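**Q** Just dropping this structure here.
The values are calculated or read from the model by the stated rules, or taken from the named source; none is laboratory data. Since we're looking at a predicted model, the values are computed, not measured. Counting neighbours? That spans all protein chains shown, and the Cβs are built from the backbone with ideal geometry, glycine included.
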Amino acid sequence: MKKWITAILTLASINTFALTVDEIVEKANQVAYYAGEDGQADVKMVITDAGGGERVREFRILRKNTGEGTQKFYVYFTEPADVARQVFMVWKEVAQGKDDSRWLFLPALNLVKPIAPGDKRTSFVGSDFVYEDVSGRALWEDTHELTGETDTHYIVKNTPKNPDAVDFSEYTVSIDKETFLPVKAEYLDKNGKLYRRVEATKIETVQGFPTVIESKVSDLARGGHTVNTFNNIKYDTGLKEMIFTERFLRRPPREATR
């Protein structure tokens with residue numbers, strides 16, 4: 001009898017602490033995109049095509065949390081000359097059914113170009129990353145299913161609620177059980193074939209936050225890949241929200257250039 005009571009209490013304890021798939025996905029989203037009240041990093045992007053040719057982009061990314069799940073991002077390019085002074089800015093929304101706002105400043109044309117919601121899956125400055133990768137995909141856009149577990153990772157399948165708006169049929173994310181950092185995402189095309197992989201290839205703890213130091217996107221259909229290396233990572237620097245406005249698209253703040 002005592003053994004049965006112990007077993008029941010143990011099972012109840014396990015169920016109490018078990019997470020739902022939505023809780024897992026929410027925690028992973030917080031860890032991946034919301035560390036600290038703000039953050040910044042210098043990024044070196046190396047784009048390698050199927051033939052082995054390389055192109056390099058360098059930029060600084062600034063991010064500030066502005067409300068309950070809302071954020072603003074500012075990406076300022078410094079190298080090479082053909083993209084220098086270009087700016088990509090995002091105002092991230094979390095409201096159900098509300099799209100993020102995105103802008104691109106093209107200095108050669110002195111033009112601020114809004115990025116339509118339908119373009120968020122297009123290439124980010126000619127790389128294998130897409131615009132949506134920078135600030136993340138809204139959780140409400142997909143249904144989530146816990147399809148497996150290992151000793152160290154949750155495996156979550158994500159299916160778009162509006163399949164016509166994206167270039168994939170589903171994607172699976174591996175989430176570290178200890179840190180809740182997403183470490184790999186694999187995308188299937190409309191025919192169910194694996195065509196894209198996003199990986200966190202180097203991870204370190206910065207100011208107490210698990211942080212991706214190097215990430216890689218592989219185009220498995222056409223060949224080629226892009227690697228982002230992050231340096232000078234800082235959290236809770238006191239960034240002002242005024243930085244993330246159209247005024248500073250044409251005239252970058254010192255936080256983006258120093």
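**Q** Out of the strands (runs of 3 or more DSSP E) lying entirely within the range 93-171, which hold 1 or more residues that are over 14 Å from the mean Cα position of the chain (by Cα) and under 17 Å from PHE73 (Cα atoms)?
**A** 101-106, 111-114
**Q** Let me ask another. Give the residues of the range 81-111 that are of a type in the set (A, V, I, L, M) and farther than 29 Å from VAL56 by Cβ, sorted by residue number.
**A** Within the range 81-111, VAL94, ALA95 meet the criteria.
**Q** Right, another one. Considering each of ASP49, ASP22 in turn, give the residue that is modelled with pLDDT of 95 or more and either of a type in the set (Ser, Thr, Tyr) or surrounded by 14 or more Cβ atoms within 10 Å (Cβ to Cβ) (or both).
**A** Residue meeting the stated conditions: ASP49.
**Q** Since ASP133 meets every condition but one in (1) surrounded by 17 or more Cβ atoms within 10 Å (Cβ to Cβ); (2) without any contact (Cβ under 8 Å) to a residue 60 or more places away in the chain; (3) not hydroxyl-bearing (Ser, Thr, Tyr), which condition does it not meet?
**A** (2)
**Q** Kindly establish whether GLN30 is under 22 Å from the mean Cα position of the chain (by Cα), surrounded by fewer than 16 Cβ atoms within 10 Å (Cβ to Cβ) and closer than 30 Å to LEU220 by Cβ.
**A** Numbers: under 22 Å from the mean Cα position of the chain (by Cα): yes; surrounded by fewer than 16 Cβ atoms within 10 Å (Cβ to Cβ): yes; closer than 30 Å to LEU220 by Cβ: yes.
Against the criterion (under 22 Å from the mean Cα position of the chain (by Cα), surrounded by fewer than 16 Cβ atoms within 10 Å (Cβ to Cβ) and closer than 30 Å to LEU220 by Cβ), GLN30 qualifies.
**Q** What number of residues in the range 52-75 are over 19 Å from ASP133 (Cβ atoms) and either charged (D, E, K, R) or surrounded by 19 or more Cβ atoms within 10 Å (Cβ to Cβ) (or both)?
**A** 2
**Q** If you check TYR171 against the conditions, is it out of contact with any Cys (no Cβ under 8 Å at 6 or more places or on another chain), touching a residue at least 40 places away in the same chain (Cβ under 8 Å) and surrounded by 13 or more Cβ atoms within 10 Å (Cβ to Cβ)?
**A** No, not satisfied.
**Q** Which one is nearest to VAL217 (Cα to Cα), of the residues in the range 172-192 that are assigned to a strand (DSSP E or B) and aliphatic (A, V, I, L, M)?
**A** Initially, the range 172-192 is screened for residues assigned to a strand (DSSP E or B), giving 172-176, 182-188.
Pick out the ones that are also aliphatic (A, V, I, L, M) and you get 173, 175, 183, 185, 188.
Values: VAL173: 14, ILE175: 17, VAL183: 12, ALA185: 9, LEU188: 14 Å.
Looking at residues that are assigned to a strand (DSSP E or B) and aliphatic (A, V, I, L, M), I get ALA185.
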